[in-house]
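The values are calculated or read from the model by the stated rules, or taken from the named source; none is laboratory data. None of the values given here were measured: they were computed from a predicted structure. All Cβ positions, glycine included, derive from the backbone under ideal geometry; neighbour counts span all protein chains shown. Note: accessible area is taken over every heavy atom of the protein model, side chains too, but ligands, DNA and RNA are not part of it. Shrake-Rupley method; radii C 1.70, N 1.55, O 1.52, S 1.80 Å.
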Amino acid sequence: MDDKACVEFLQWALPSLRMRWAGFRKVRGQVCKRIGRRVQLLQLQDAAAYKDYLQRHDEEWEALDSLCRITITRFLRDRRVFASLQRVYFPEVLHNIIQRGETALRIWSIGCAAGEEPYSLAILWDRFLGRHLEYGNITLEIAATDSDQRMLDRAMAGCYPHSSIKNLPEDWRLHTFIERDSQYCLQGHFKKSVHFLCQDVRVETPPGQFDLVLCRNLIFTYFDETVQKQVLQRLEKALQPQGLLVIGIHERLPQDYERLSARSLQLGVYQRPKVDSLAKI
């Protein structure tokens, strides 16, 4: 399938999936390759034939939805975000945890792909504790969710090519990975705090509430505003009062959505208010 045909197909199909063409414009190559393979598997001639196939087979839309998942990520993606978490937001969140009389920092990483984001958080927490021993009694619990079980299998294996870890400072790499057969495999103790779940954030949420939720470069890039608002309501309920939501640095919440306050538009950090406003909705 050539690029022109794929673009035309995506512009036709994405609205039916409640997705936005603008989000896919720069990363469409990954999706176009998958759709091309799907067309071949179904023994169809071209994108026009696949369009006709979708119109005659409603169940194929679910397959197309799965083909439109973007899995471009790496460790410490957008390093400024992680630096601010370590320097500014971890101390704030930990203060709130202690005020509540609790002993666990609970984080939800949404669309975790092969585990680069939740493991980055586990590494960051280890570095943070090395500088702030007074928080040594606080444990870390990370729920990492993705709708693609194949990616989660890779995440649980915890081995990566150099391109995935190139953002990590050299001393971090030496401290956290073991090189094995041209792969960099995460040391076991960094995995203990991460629990992987096969879930689609559009319909499922891990149990409990979280001090920090990361939903970066996913819902607010690829999905339309209706889906964004539905997911936001789900995320609000999952956040502790004063909990933080982190979205992508190039993303914004819907303009008329005011129930979360912006802490940093530049870094995509928002906060749930201390007083629960959801009871008024």
For this session: Restrict the check to the stretch 162-178 and report whether at least one residue is closer than 28 Å to Gln99 by Cα and either basic (Lys, Arg) or touching a residue at least 40 places away in the same chain (Cβ under 8 Å) (or both).
Result: no
For this session: Determine whether the stretch 72-90 contains at least one residue that is open to solvent by 60 Å² or more (accessible area, probe 1.4 Å), over 30 Å from Cys159 (Cβ atoms), over 17 Å from the mean Cα position of the chain (by Cα) and of a type in the set (Val, Ile, Thr).
Result: no
Problem set entry | Boolean, Leu129 is open to solvent by less than 60 Å² (accessible area, probe 1.4 Å), without any contact (Cβ under 8 Å) to a residue 12 or more places away in the chain, aliphatic (A, V, I, L, M) and part of a helix (DSSP H, G or I) | yes
Problem set entry | Complete set of residues in the stretch 27-41 that are open to solvent by 90 Å² or more (accessible area, probe 1.4 Å), over 14 Å from Arg69 (Cα atoms) and not hydrophobic (A, V, I, L, M, F, W, C) | Arg37, Gln40
For this session: Might you let me know whether the stretch 225-235 holds any residue that is in a loop (DSSP other than H, G, I, E, B), of a type outside the set (Lys, Arg) and over 26 Å from Thr103 (Cα atoms)?
Result: no
For this session: Out of the residues in the stretch 226-266 that are more than 22 Å from Ala143 (Cβ to Cβ) and either of a type in the set (Val, Ile, Thr) or in contact with a Ser or Thr (Cβ under 6 Å, 6 or more places away or on another chain) (or both), state the one that is least open to solvent (accessible area, probe 1.4 Å).
Result: Ile249
For this session: Starting from the stretch 186-197, take each residue that is over 11 Å from Glu141 (Cα atoms) and list its partners that are assigned to a strand (DSSP E or B) and open to solvent by 50 Å² or more (accessible area, probe 1.4 Å), counting only C-beta distances under 7 angstrom and pairs at least six apart or across chains.
Result: Gln187/Ile178
For this session: Just give me the residues in the stretch 132-143 being outside any helix (DSSP H, G or I) and in contact (Cβ under 8 Å) with a residue 12 or more places away in the chain, in sequence order.
Result: His132, Asn137, Ile138, Thr139, Leu140, Glu141, Ile142, Ala143
Problem set entry | Residues located in the stretch 161-207, provided they are in a loop (DSSP other than H, G, I, E, B) and among the aliphatic types (A, V, I, L, M) | Leu168, Val201, Val203
For this session: Would you check if there is a residue in the stretch 144-160 being outside any loop (DSSP other than H, G, I, E, B), at pLDDT below 95 and surrounded by 14 or more Cβ atoms within 10 Å (Cβ to Cβ)?
Result: no
